[in-house]
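I have placed the structure first, in the form of structure tokens, so that the comments after it can refer back to it.
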Amino acid sequence: MGDRKGLSHIPLPISYTPSFWRTSVQAIKTGVWNGVIREFYDFLPRVKEDAIVTLNEGNTPLIEVKNLRDIVGDVKLYLKYEGLNPTGSFKDRGMTMAVSKAKDDGSHAVICASTGNTSAAAAAYASRGGLRAYVLIPAGKIALGKLSQAMMHGATVVQVEGNFDEALSIVKDIAKTYPITLVNSINPYRLEGQKTAAFEVCNHLGFSPIYHFLPVGNAGNITAYWNGYKEYRGRGIINTLPKMMGFEAEGAAPIVRGYPIKNPETVASAIRIGNPSSWQAAVKARDESGGVIDMVSDDEIIYAYKLLASREGVFCEPASAASIAGVIKMHKKGIFKNGDTIVCTLTGHGLKDPDTAIKSSDKPITVPAELGKVVKVLGF
Ligand SMILES: Cc1ncc(COP(=O)(O)O)c(C=O)c1O
């Protein structure tokens, strides 16, 4: 090795002297984000400190859309990017609450039916908290990333030869009979945790948006957001409430059509749900807020999904893109005014569903490992 004397003899530039560090360190807000239960302590049901099971979920970014004026008009559109939660979806907000409460109540196991993301979150939070997790999923119908998460976190994964609605009905019966806590969104603590996303939107903006768009499956999240906004207004933190704008997929649109769908079908597997648990609550959120529950086609979903990834650098899963597809649909109807503030929740990360991403994209070009051939396909 050469002559390494270390750097201590080299005078530091003036801006990096110890006194600089002292002053700047004092100016920095220290401490980490502690997860939604601790950060929104005054707004959530009490959990004993040593029962809190958290992966420091929440505090996801609100990203302003920059490049879609030609598509959505002259509005201020923000993406609440929930795919950046620890397991890659908004479910973590509710799962920290539900699993912590289960632990606090002395439960040793949790169970859920899932289109994928709930099972991933339940498995992760249960493993973190030392509980067992049992998850029922529609056989062959959930995105690969989500399945891999449930398996890696050590859940007992049961594939049911049926759809989500059938799986949910089975887990409800199991939870009634056996000592195991149901952590689907009919567990009220789930929605309590999920409402914190509305708090964050208001905290980040400094006010409430005019419209809040989100995808609708089992209809828990639209209900939770509405509860959150109402609670913030009730406490005088915001003055106005947004219109709640929920979007189902056309092949899985029971609320829009007004009756349960026996065999729901859509490319957006996370919202392939025919008989939502929070149906009535979602209708109430729509009506109280003066909003809309509408539907978008799979083509519209995939268009919005690719648009966000290719023009905004934001990769969400297909179900999440139903919210942006909804914004595009409403823009075409001419409901927005210039400058309106719109928030769109992107519920899950695009990496959850690599199959749909690859199917929706141009195939990579394969060439021999030769400079000339590479340059040629690059078009130079
Ligand atoms: C990515 C994603 N988006 C949207 C939803 C629908 O949310 P909710 O069932 O609360 O309506 C889900 C539910 O699984 C989901 O995983």
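We did not get these values from a lab; they are worked out from the coordinates using the rules stated. What you see is a predicted model; the values in this text were computed from it and never measured. Neighbour counts are summed over all protein chains in view; Cβ atoms, including those assigned to glycine, are modelled from backbone coordinates with ideal geometry.
Across region 183-246, the relative contact order, built from alpha-carbon pairs under 8 Å that are at least six residues apart, equals 41 percent.
Within the listed set 187, 117, 218, the residue fluctuating most in the Gaussian network model of the chain (springs between alpha-carbon atoms under 10 angstrom) is 187. Applying a length cut-off of 30 Å (Cα extent along the axis) and a mean Kyte-Doolittle floor of 1.6 to the DSSP H helices of the chain leaves no helix. Note on region 261-380: the C-alpha convex hull projects to 11.0 nm² when averaged across all orientations. Applying the Karplus relation 6.51 cos²θ - 1.76 cosθ + 1.60 with θ = phi - 60° to region 261-277 yields 3J(HN,Hα) values of 9, 5, 10, x, 9, 6, 5, 7, 4, 5, 10, 7, 9, x, 8, x, 5 Hz, where x marks Gly and Pro. Each peptide in 147-153, 329-335, 253-259 gets a packing score, the mean of other Cβ atoms within 10 Å over its residues, and the list from highest to lowest is 147-153, 253-259, 329-335.
In terms of its C-alpha gyration tensor, the chain has a rounded overall shape, because the principal axis ratio a/c (a ≥ b ≥ c, square roots of the eigenvalues) stays below 1.5.
Take the convex hull of the alpha carbons in region 128-179; its mean projected area over all directions comes to 4.0 nm².
Counting other Cβ atoms within 10 Å as a rough exposure proxy, the listed residues 337, 91 run 337, 91 from fewest neighbours to most. Helical runs (DSSP H, four residues minimum) scored at -39500 (n - 2.57) apiece and divided by the length of the chain put the mean residue ellipticity at 222 nm at -12500 deg cm²/dmol.
Using only Cα atoms, locate the centre of region 324-366 and the centre of region 275-321, then give the distance between them in Å, rounded to an integer. If you average the Cα positions of each part, the centres end up 9 Å apart.
The Kirkwood hydrodynamic radius of region 216-325, based on inverse pair distances between different Cα atoms, is 14.4 Å.
What whole-number distance in Å separates the alpha-carbon centres of region 254-273 and region 96-157? Using only Cα atoms, the two centres lie 23 Å from each other.
Applying 0.36 nm per residue to the separation of residue 173 and residue 76 and subtracting their alpha-carbon distance, the gain on full extension is 30.4 nm. By other beta-carbon atoms within 10 Å, ranking 286, 38 with the fewest at the front produces 38, 286. An oblate overall shape is assigned to region 91-187, the ratio a/c of its alpha-carbon gyration tensor axes (a ≥ b ≥ c) being 1.5 or greater and a/b not exceeding b/c.
Taking other C-beta atoms within 10 angstrom as a stand-in for reagent exposure, 360, 208, 114, 185 fall in the order 360, 208, 185, 114, fewest first. Of the peptides 53-66, 309-322, the order by per-residue mean of other Cβ atoms within 10 Å, starting with the highest, comes out as 309-322, 53-66.
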